[in-house]
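The values are calculated or read from the model by the stated rules, or taken from the named source; none is laboratory data. In this text the structure is predicted, and so the values were computed from the model without any measurement. Cβ placement follows ideal geometry from the backbone for every residue including glycine, while neighbour counts extend to all protein chains displayed. Side chains are part of the model used for accessible areas, which takes the heavy atoms of the whole protein and leaves out ligands, DNA and RNA. Shrake-Rupley method; radii C 1.70, N 1.55, O 1.52, S 1.80 Å.
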Amino acid sequence: MGETPYFVELDEALEICKKTPLQAVTERVSLDNSHGRILAVDLPSKVNDPPFDNSAMDGFAMRHEDTVDAPSTLKIIGTIQAAGQEDNIFVGKGEAVRIMTGAPIPNGADSILQIELTSVNGDEVTLQQPSMKHFIRKKGENLQESEIALSAGTYLSPSRVGLCATMGHSSIPVVKKLKIAIISTGDELKQPGEELARGEIYESNSFGISGLVNWLGHESIRMQCVGDTIDDLRDTLNQASTQCDLIITSGGVSMGEWDLVRKIMEEEGDLHFWRVKLRPGSPPLFGLWNNTPIFGLPGNPVSSHVVFRMLVAPWIRHNTRANGPIENRAVAKLTTKLKSTADCLTLRRVSLQTVEGELLAEQKIHQGSGNLASMAMSEGMAILQPGVEYSAGDMVEVMFL
Ligand code: AMP
Ligand code: MG
């Protein structure tokens, strides 16, 4: 292994990765194409939100002082709809205006009563109770013009995309999607849909990792699966390094004779570390292939997912100044005792359930690192510190799956 750091702590692994920068470029996209992307700049509002005082209710607008002695009867002098064209209406003493939700408050009025608490008789309205000043949504109460509501690095969730529109932006600068090659390795792998021969299994990692890449707002390029042949692997890595910003392989990073990703990186690549104190997922490597960063993830499906979540994602997010949505963690109470591996930060798949206001984490399913069903059926992963025996009732950090 020479000087290459070996079996490093997760934090140390991340620090080593961070020494290799990924160039994050900015591009402008329409709002329609911005879902799930990462905002590249601090985004100021072009307008006040709301842009004018408006009604929070369908009902009537009037002077509050005319309604204090309920029931009161007022004269209806007009109607203001949401677009509010009629700005020459003035509400005087003893008068009311029919108003729709979102319509501008007419001059003179200072309050609203919702339609359910009124009865109309000809051109008069009777109010069952005094009107409400707080049913007026004030100009700029949500956002002031030029206020920065979304900062660089924000993950563009549906409500945030909506907010971009509210602020008057039709297109926004986002981090250009990184092109990430995904290469599965192993002679035993068959594509789903094909017939399995003895000894073969369906290739699943590239699909799961591709989903994780997309989830981070990047583009996954699932390359042809590679058998355990060093020449094929070399060709595929060369091809990926010319097309992509980052290469992620799965399989072939353990100690075995056929673990060719490790072997080729040792002999022909630039290896920055191999193996991490993480369970499941201890065999990963990181380095450069033709100057393109490469993560070698373990072949076991649960392990590759864990390594992506704990190491690959934080590094990509660091490079793109991204924050969220990966911050979905909580503290939960264990319902059973759990033991971590000595030496390794240990992640256990758990079911999460809220019972009487408490978030409970229960390990129900067998934890083999090849058992992808156990991950798919769990809501979270409990993060256990190395070499600790946790008792039922202990509080642990969980990461949502
Ligand atoms: P390896 O690290 O190549 O020894 O693989 C470890 C285990 O993960 C073996 O049981 C492999 O069959 C399995 N495996 C490797 N790659 C994949 C993949 N792409 N999809 C599903 N299972 C895989
Ligand atoms: Mg293999």
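Just a few scattered comments:
- Odd one out for GLY211, checked against (1) of a type in the set (Gly, Ala, Ser); (2) within 19 Å of LYS176 (Cα to Cα); (3) surrounded by 14 or more Cβ atoms within 10 Å (Cβ to Cβ): (3)
- Residues being more than 16 Å from ligand 2 (Cβ to nearest atom) and either open to solvent by 30 Å² or more (accessible area, probe 1.4 Å) or in a loop (DSSP other than H, G, I, E, B) (or both) - total across segment 289-301: 2
- Selection from segment 216-226 of residues that are within 11 Å of ligand 1 (Cβ to nearest atom) and part of a loop (DSSP other than H, G, I, E, B): CYS225
- Per the listing LEU163, LEU212, the residue uniquely part of a helix (DSSP H, G or I) and either over 25 Å from the mean Cα position of the chain (by Cα) or closer than 30 Å to THR79 by Cα (or both) is LEU163.
- When segment 230-254 is filtered for residues that are in contact with a Lys or Arg (Cβ under 8 Å, 6 or more places away or on another chain) and either of a type in the set (Asp, Glu) or under 15 Å from TRP274 (Cβ atoms) (or both), the ones remaining, listed by number, are ASP245, GLY252, VAL253, SER254.
- Checked against the criterion of being over 30 Å from ASP270 (Cβ atoms) and within 11 Å of ligand 1 (Cβ to nearest atom), segment 201-215 has at least one qualifying residue.
- Which listed residue is modelled with pLDDT under 95, away from ligand 1 (no atom under 16 Å from the Cβ) and open to solvent by less than 80 Å² (accessible area, probe 1.4 Å), from SER157, SER171: SER157
- Unmet criterion (only one of (1) over 30 Å from GLU389 (Cα atoms); (2) more than 16 Å from ligand 2 (Cβ to nearest atom)) for LEU260: (2)
- Residue within segment 265-283 that is within 15 Å of ligand 2 (Cβ to nearest atom), part of a helix (DSSP H, G or I) and surrounded by fewer than 24 Cβ atoms within 10 Å (Cβ to Cβ) present: no
- Selection count, segment 227-262, where residues are touching a strand residue (DSSP E or B) at 6+ places or on another chain (Cβ under 6 Å), open to solvent by 30 Å² or more (accessible area, probe 1.4 Å), within 16 Å of ligand 1 (Cβ to nearest atom) and outside any helix (DSSP H, G or I): 0
- Segment 337-395, residues that are hydroxyl-bearing (Ser, Thr, Tyr), without any contact (Cβ under 8 Å) to a residue 40 or more places away in the chain and open to solvent by less than 50 Å² (accessible area, probe 1.4 Å): SER351, SER378
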